[in-house]
Every structure is written in structure tokens, then in C-alpha cells.
Amino acid sequence: MAAPLRKTPSVEKDLSEVAEKSSAMKTIITRAEDAKTKAAMKWQAAKVKVLEKAKVARAKSVELSSDKSVQATAASVVGGATVGGIGGATGGLLLGGATGAVLGVLPALFTFGLSIPIGAALGAGCGLLMGGATGTATGAGVGGAAGYSAYTRRDEIASFIEQVRAKLVEALGKGKCTAAEAKAKAGNKIEDARVKAIDTFTLAKGFVMSHIAAAKETTLAAVNSAGGKATEMAQVTKVKTIEIASDKQVQVTAASAAGEAAVGEIKGAAVGFATGGAVGAAVGVVPAFFTFGLSIPLFAAIGSGCGLATGAVVGGATGLVGGGATGFGVYTKRDAIGSSVTKTLSQVDSAAKVVKRRASDSADYVRNRLVGGTGGTTD
């Protein structure tokens with residue numbers, strides 16, 4: 001048989017500590033149960049309060065949404081926000097794009113011009129967002145205020161509109177009466193005026209017919225006289241024209257002017273073409289850096305065309321005047337020129353005869369000297 005356990009002081013101490021710990025654990029469990037119960041009660045109470053507040057808020061929302069003033073204000077806010085947002089976004093897009101393009105011009109030399117469209121795109125995007133937001137907010141505020149004011153004062157507005165309509169109806173009625181009276185008066189006046197006009201027309205017709213007959217006779221006499229004078233003047237003009245056209249001086253002057261004008265046009269066109277092309281090419285050098293050299297041939301072609309036209313006109317006009325003056329001068333001094341030419345030809349002929357005679361004498365002299373030196377005869 002086993003020996004019974006003996007309780008030592010250390011064992012008794014451990015047993016007392018276990019009993020104390022067990023009592024403390026029970027206390028903790030009891031308090032935890034109490035706290036759980038209280039928390040559940042508080043949660044249930046809070047849940048009930050939240051549900052009650054939600055019901056109150058729901059009822060308030062239904063009441064507000066059913067209120068006509070709230071509906072009108074909300075619709076005005078939505079409409080104003082839409083219109084303001086679209087307007088603000090459009091203005092912001094344009095203004096932001098322009099501002100971005102202007103700012104992109106500064107680094108354009110370093111980005112080969114790419115900074116301009118990029119800056120315009122960024123500015124347009126920022127302007128679109130900012131303008132849309134600002135326009136929406138402004139439109140919502142203004143639209144809401146206007147809608148609320150209009151709804152709260154709808155009775156006053158309706159009364160004012162009714163008063164205006166009544167006044168318009170009253171004015172329209174008075175206007176109809178006045179128009180009828182004016183129409184009757186105008187009809188009477190028109191009838192009186194028609195009668196007077198008929199009488200006046202009859203008198204005027206007789207007066208005019210008598211004056212027309214007298215004027216017809218005077219006109220026939222003047223026409224006959226003018227016809228005779230015109231025929232005479234035409235005959236004189238014809239004779240004078242034939243005389244001028246038959247004048248050799250006029251013919252020579254006209255031919256010289258026409259020939260020199262044609263030559264002058266060709267010379268002026270050639271000089272103008274070359275000069276205009278050179279000037280145009282020189283002017284085209286200035287923007288050549290920005291046009292990759294295309295401005296030089298383009299400006300040269302434009303300058304050549306302008307120079308060609310201008311040179312032809314100037315050369316033709318100069319040749320016409322110069323050729324006419326030369327032909328006129330030569331023809332008027334043809335006798336002096338012919339006499340001078342005849343005199344010159346006579347002097348040249350005399351000089352030629354003198355030279356010929358001296359040459360013949362010199363030849364005879366040389367021949368005689370040669371014959372005398374050899375002792376022969378001249379034959």
C-alpha cells in the first residue's frame with residue numbers, strides 16, 4: 001500500500017496561490033460577462049437611435065425633394081452648371097490654347113518649332129479643365145439663385161405678366177378702334193384727293209399737250225438745223241482726216257513711232273526681266289532662312305514677271321515717243337539731209353578723181369624713170 005503524501009510548506013503555499021488565482025479568474029470572467037451585456041445593450045440602443053435618425057433624414061429628404069422650390073432650384077442649378085461649364089470650357093480652351101502657343105514661341109528656336117503646338121495643347125487642356133470647373137461653379141451658383149428667386153416670387157411675376165398682358169390687350173383694342181377711325185378718315189381723304197387729282201390731271205394734260213405740240217415743232221426745227229450742221233461738220237472732218245492720213249510727214253512719223261515702240265518694248269522687256277529677276281532674288285534672300293531657300297526662286301520669278309511687264313510698258317512708251325520724234329525730225333529736214341548727202345557724195349567723187357589723177361601721174365613718172373634708166377623706149 002502506497003504511503004500517503006505529506007504536505008510540505010511549499011506545497012501548501014502553491015495550493016493557496018492556485019486558489020487565489022482561480023478566484024481572480026472567476027472575477028475577471030464575471031466582469032467580462034457584465035461588460036459584454038452592457039455593450040450589447042448600448043449597441044442595441046445606438047442602433048435604435050441610428051435607425052430613428054435615418055428615418056427622420058429620409059422623411060426630410062422626401063419632404064425636400066417634394067418641395068417645388070427645391071426642384072426648381074435644383075433644375076436651375078443643373079441648367080446653369082451645364083451652360084456655364086460649356087461656356088467656361090470653350091473660353092478656357094481658346095484662351096489657354098492661345099496662351100500656351102504664345103509661351104511656346106520662346107523656346108521655339110531650340111525645339112525646331114515643336115514647343116508651339118505642344119504649349120498650345122497643354123494650355124488648351126489646362127484652360128478646358130479650369131474654365132469648365134469655374135464655369136460650372138459660377139453657372140450653378142447663378143442658376144440656383146435665379147431659379148430660387150424666380151420660384152419664390154412666382155406669384156409676383158405671374159401678376160406682373162398678367163398686368164402686362166391686360167395692358168397689351170387694352171392697348172390693342174384701343175389701337176384697333178383708332179385704326180378703324182383712321183382708316184375711315186383716310187378713305188374720305190383719299191376720295192377727296194382722287195377727285196382733286198382727276199381735275200388737276202385733266203387741266204395739266206391739256207396744258208402739257210399744248211406745250212408738247214409747241215416743243216415738237218421747235219425740236220423738229222432744231223433737229224433739221226442740227227442735222228445740216230452735223231452733216232457739214234462730218235464732211236469737213238472726213239476731208240481733214242483724209243488730208244492728215246495722206247500727209248507723208250504723218251505717215252513717216254507714225255511708222256517710226258510704231259517701229260521704235262516695238263523695238264523699245266523688246267529691249268525694255270529684256271532689261272526689266274533681267275533686272276526684276278535679280279532684284280527679286282536679292283529680296284528673297286532675306287526670308288530664305290525660314291523658307292529653306294524656296295523664297296529665292298519664288299521672288300526671282302515674281303520680280304522677273306513684274307520687271308518684264310514694267311520694262312515692256314516703259315520701253316514701248318519711250319520708243320513710241322522717241323521714234324515719232326526721230327521720224328518727224330528726219331522727214332521735216334529731209335531736203336537739208338538730201339542736200340548734205342549730195343554735197344558729200346560730190347566731194348567724195350572729186351576727191352576720188354584727184355587721187356586717181358595723181359596716181360596716174362605717179363605711175364607715168366615712175367614708168368618714164370624706169371624706161372630712161374634702161375635706155376629703152378616707152379613703147
Original post:
Just to be sure, is GLU191 of a type in the set (D, E, K, R), open to solvent by 100 Å² or more (accessible area, probe 1.4 Å) and free of Cβ contacts under 8 Å to residues at least 24 places away in the same chain?
Top reply: no
**OP:** Could you identify the single residue in GLY119, GLY127, GLY139 that is open to solvent by less than 90 Å² (accessible area, probe 1.4 Å), part of a helix (DSSP H, G or I) and either more than 30 Å from GLY104 (Cα to Cα) or out of contact with any Leu (no Cβ under 7 Å at 6 or more places or on another chain) (or both)?
**Re:** GLY139
**OP:** Taking THR73 as meeting all but one of (1) at pLDDT below 80; (2) closer than 28 Å to GLY144 by Cβ; (3) open to solvent by 50 Å² or more (accessible area, probe 1.4 Å), write down the number of the exception.
**Re:** (3)
Subject >> Inter-residue pairs, beta-carbon under 8 Å, first assigned to a helix (DSSP H, G or I) and in the stretch 151-170, second open to solvent by less than 100 Å² (accessible area, probe 1.4 Å) and not hydrophobic (A, V, I, L, M, F, W, C), 6+ apart >> reply: TYR151/SER69; TYR151/THR73; THR152/SER69
**OP:** For the stretch 286-331, enumerate the residues that are free of Cβ contacts under 8 Å to residues at least 12 places away in the same chain and crowded, with 19+ Cβ neighbours inside 10 Å.
**Re:** SER295
Original post:
Do the conditions hold for PHE160, that is, is it closer than 30 Å to PHE289 by Cα, more than 28 Å from the chain's Cα centre (by Cα), among the aromatic types (Phe, Trp, Tyr) and open to solvent by 100 Å² or more (accessible area, probe 1.4 Å)?
Top reply: no
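The values are calculated or read from the model by the stated rules, or taken from the named source; none is laboratory data. This structure is a prediction, so every number in the text was calculated from the model and none was measured. All Cβ positions, even for glycine, are placed from backbone atoms using ideal geometry, and neighbour counts span all protein chains on display. What goes into the accessible areas is simple: the full protein's heavy atoms, side chains included, and nothing from ligands, DNA or RNA. Shrake-Rupley method; radii C 1.70, N 1.55, O 1.52, S 1.80 Å.
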